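Contents: one structure, followed by commentary.
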Amino acid sequence: MRHILSILVENEAGALSRVAGLFSARGYNIESLTVAPTEDATMSRMTIVTTGSDEIVEQITKQLNKLVDVVKVVDLSEGRHIERELMLVKVRAAGKDREEMKRTADIFRGRIIDVTDKSYTIELTGTTDKLDAFLEALDKGAILETVRTGVSGIGRGEWVLKA
Amino acid sequence: MELKLPPLAETGETLTGAEIAIRCLSEEGVEFVFGYPGGAVLFIYDALSKQKKVKHILVRHEQGALHAADGYARATGRPGVALVTSGPGVTNAVTGIATAYMDSIPMVVITGQVPTRAIGEDAFQECDTVGITRPCVKHNFLVKDVNELAVTIKKAFHIATTGRPGPVLVDIPKDVSQQTARFHYPDKVHLRSYSPVMKGHGGQIKKAMQLLLDAKRPMIYVGGGAVLGEASHEVTELVRLLDFPCTNTLMGLGSIPASDKRFVGMLGMHGTVEANMAMQNCDVLLAVGARFDDRVIGNPAHFAAGNPTRKIVHIDVDPSSISKRVRVDVPIVGHVKDVLTELIALVKAGKDKPDAAALAAWWAQIATWRAKDCLKYDRASPIIKPQFVIEKLWEVTRGDAYVTSDVGQHQMWAAQFYRFEKPRRWINSGGLGTMGVGLPYAMGVKLAFPDADVACVTGEASIQMCIQELSTCKQYHLPVKLVNLNNRYMGMVRQWQEFFHGNRYSESYMDALPDFVKLAEAYGHVGIKVEKPGDVEGALREAFALKDRLVFLDIITDQTENVFPMVPGGKGMSEMILAEDL
Ligand SMILES: Cc1ncc(C[n+]2csc(CCOP(=O)(O)OP(=O)(O)O)c2C)c(N)n1
Ligand SMILES: [Mg+2]
């Protein structure tokens with residue numbers, strides 16, 4: 001099962017490597033990891049997408065909580081939540097394909113943010129599924145470069161993750 | 001880390017970072033620092049020399065410093081402290097840090113680092129200490145500002161000694177140890193990201209009590225957490241109150257007196273038949289400060305499948321130890337001592353009593369397993385049997401010594417045959433299984449308890465891994481007794497080769513052994529070689545009578561002896577090999 005863990009960590013040098021090191025040392029999967037400071041400059045928020053059985057994810061959560069720099073951990077997938085990922089894709093867009101490429105980007109509500117006479121750079125936000133679907137909709141040979149941020153997640157409603 | 005500081009004492013003295021470090025140790029009541037100097041810690045050593053409260057013990061290898069501090073901590077329950085220099089000082093210390101980490105031993109390790117401006121430049125004796133040690137410490141810090149040093153050391157002691165204990169490392173760059181700051185040592189620190197749960201959940205404790213009272217075939221399984229959590233009194237009280245069988249892990253030995261008839265011996269890979277069979281066949285299992293590790297329950301699938309209706313209650317201060325390898329029915333996160341105290345009070349206050357008839361039948365079943373006498377060995381052997389030596393050691397020390405050990409067969413025999421009556425008397429590396437710990441452990445113990453008998457049960461291979469510490473023992477007059485069960489083999493390796501690798505003893509023979517008697521003498525100690533069973537007791541008595549001398553007993557034992565029972569790796573607990581099977 002895929003789980004989205006949201007983690008508040010102390011904004012300390014080395015906090016990221018403690019978390020990443022835990023995953024590699026214990027053989028847990030990281031599908032994606034994002035991290036940036038929060039409105040409180042002393043803390044960073046991480047979102048980690050991982051896969052594993054319920055037992056493994058329970059163990060991951062406990063191990064994360066044990067790290068001294070970790071302030072809070074929640075498994076967003078246990079409740080209603082929103083997830084988004086940002087992707088930048090550079091695609092070949094020359095000749096007769098140029099119009100088609102623009103149309104596909106429009107369908108997925110992508111924005112063209114950079115243009116040359118042979119290429120477009122498209123910005124796309126959405127769930128991981130949506131981004132995957134967009135890439136599948138493109139002709140493989142047309143994709144020159146993709147950059148994805150990994151998933152960021154937040155709980156729905158008024159509930160907030162706080163220290 | 002956010003921290004609520006009490007108002008800064010404006011009056012604090014101005015001290016150098018080095019002086020601050022030492023003052024912090026003395027504020028913490030640290031008696032001994034085990035260490036080894038070098039360039040990055042020169043200011044700290046200078047500060048050490050200017051005071052008397054904290055005594056430095058100069059080892060001969062940083063590994064020895066870490067193990068000695070660890071042994072001190074295991075025997076006293078107080079944090080062990082070590083001090084080493086940057087680079088090779090740190091890398092030498094890593095084995096000792098990892099050893100303490102695996103057994104959750106409270107330690108504070110202070111390491112020197114190259115000056116802050118040189119960090120990252122591949123400076124002389126630079127290594128990424130925080131990076132190298134990260135996976136084997138409870139936490140670590142690099143202190144870049146001298147104003148943060150005192151509070152960081154306070155945090156280190158706090159983290160090392162609370163919750164599930166463990167080693168914490170503080171890396172101090174040389175320039176930080178030279179700079180000055182106002183010294184203020186906080187009484188308390190608060191870390192918002194660190195607050196171990198101490199009090200068990202009342203509802204869960206009630207559930208546990210009910211399960212225990214309803215049990216037909218109960219079993220109490222106690223690990224090192226009960227020793228670390230000072231809960232042996234409560235463990236013993238509960239076991240006696242309920243009249244339930246109790247087993248200890250290698251790390252839990254002494255948490256119930258071995259002489260108690262309810263104690264069924266150690267469990268696990270080299271556990272007794274009665275302990276392992278009772279674990280496998282019980283209907284309610286109470287686990288206290290234990291972690292169901294592979295050397296204890298073997299294959300977790302076999303453990304579960306062999307008895308799918310068994311109900312498990314697990315008390316541990318570390319939530320991640322619960323339901324890690326084995327699914328648990330009633331988890332109780334909390335300090336084992338407090339939780340057991342509550343549990344005992346509940347049992348005493350309630351009217352329900354354990355089912356006496358069922359319990360009698362269960363004890364009768366256990367008696368049939370006990371009757372196998374699984375630890376029996378050839379007492380009439382003309383060659384010295386290692387088990388016999390341990391039995392004699394127990395007799396000569398009246399079962400009241402501190403016994404340290406190294407790793408191998410001798411360790412298992414010491415665990416099986418020295419019947420520990422008290423906690424913190426059995427000092428060994430259970431989790432990491434580090435050869436070489438025995439002698440430095442004995443040093444740490446002897447410094448803590450100068451009047452106690454301290455024996456190190458070792459093997460001719462293990463002892464050579466930290467043998468240089470014989471010199472430290474000379475310098476500080478540490479008259480420990482070394483009991484070298486010399487079988488001329490890495491016996492435990494040889495045993496596995498015999499059982500699982502077609503008797504091919506690849507590289508496990510200890511060739512070119514030194515003359516240990518002469519070696520001991522060269523270091524200024526007493527050496528005695530023992531070759532006949534009839535001489536064992538006399539030699540032991542002589543050794544312990546030499547109160548102020550370190551004695552190295554080189555005891556030539558049966559080369560072919562194996563440790564039984566044995567649960568082969570990956571097998572289930574009831575799949576033991578017994579001596580009589582071969
Ligand atoms: C540092 C280290 N290296 C290797 C091992 C693997 N090992 C476990 S027991 C053992 C042999 C120990 O021999 P000895 O000290 O003579 O004890 P014996 O088993 O013969 O009693 C070895 C090599 C270990 N535990 N620790
Ligand atoms: Mg040997």
_Only counting other Cβ atoms within 10 Å, I'd like B:Met198, B:Met102 sorted with the fewest neighbours first._
B:Met198, B:Met102
*Rounded to two decimals, what ratio of Rg to Rh does region B:502-582 give with C-alpha atoms and a Kirkwood Rh?*
1.12
*By the gyration tensor of its Cα atoms, with a ≥ b ≥ c the square roots of the eigenvalues, what is the shape of region A:1-86: rounded for a/c under 1.5, prolate for a/b over b/c, or oblate?*
oblate
_Peptide-level mean, for A:9-19, of C-beta atoms on other protein chains within 10 Å_ = 3
_I'd like the FRET efficiency for B:Ala349 and A:Asn65, computed as 1/(1 + (r/R0)^6) with the beta carbon distance as r and R0 of 35 Å, rounded to 0.05._
0.55
*Going by the alpha-carbon gyration tensor, a ≥ b ≥ c the square roots of its eigenvalues, is region B:1-141 rounded (a/c under 1.5) or, if a/c is not under 1.5, prolate (a/b greater than b/c) versus oblate?*
rounded
_What does the structure give for A:20-31 when I average, per residue, the other chain Cβ atoms found within 10 Å of the residue Cβ?_
1
*Whole-Hz Karplus ³J(HN,Hα) for region A:118-125, in order, using 6.51 cos²θ - 1.76 cosθ + 1.60 and θ = phi - 60°, x for Gly and Pro?*
10, 9, 10, 10, 10, 9, 9, 10
*Which of the lysines could a cross-linker span from B:Lys532 if the Cα-Cα distance has to be under 21 Å and same-chain partners fewer than 8 positions apart are dropped?*
B:Lys376, B:Lys385, B:Lys392, B:Lys481, B:Lys518
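Under the √(5λ) rule applied to the eigenvalues of the Cα gyration tensor, what semi-axes describe the equivalent ellipsoid of the protein assembly as shown? Give them in Å, descending.
They are 49, 35, 26 Å, listed largest first.
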*asked:* Based only on other Cβ atoms within 10 Å, what is the fewest-to-most ordering of A:Thr50, B:Thr404, B:Thr180?
replied: B:Thr180, A:Thr50, B:Thr404
*By per-residue mean of other Cβ atoms within 10 Å, what is the highest-first order of B:342-352, B:157-167, B:181-191, B:265-275?*
B:265-275, B:157-167, B:181-191, B:342-352
_For the ranges B:541-553, B:232-244, B:422-434, what's the packing order if you count other beta-carbon atoms within 10 Å of each residue, average per peptide, and put the highest first?_
B:422-434, B:232-244, B:541-553
*So what is the relative contact order for region B:429-485, in percent, with contacts set as C-alpha pairs under 8 Å and at least six apart?*
44
*Consider just the alpha-carbon atoms of region B:172-265 and return their Rg together with their Dmax, both in angstrom.*
21.2, 66
*So how do A:Trp159, B:Trp394, B:Trp413 line up by other beta-carbon neighbours within 10 Å, fewest first?*
A:Trp159, B:Trp394, B:Trp413
_Rounded, prolate or oblate, given the Cα gyration tensor of chain B, with a/c below 1.5 counting as rounded?_
oblate
_Distant-in-sequence amide H partners of B:Ile57 (H built 1.01 Å from N, under 5 Å)_ = B:Val33, B:Phe34, B:Gly35
*What's the average, rounded to a whole number, of partner chain beta-carbon atoms within 10 Å of each residue's beta-carbon in A:66-72?*
6
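Coordinate-derived values only; no laboratory data. All values reported here derive from a predicted model rather than from experimental measurement. Neighbour counts are summed over all protein chains in view; Cβ atoms, including those assigned to glycine, are modelled from backbone coordinates with ideal geometry.
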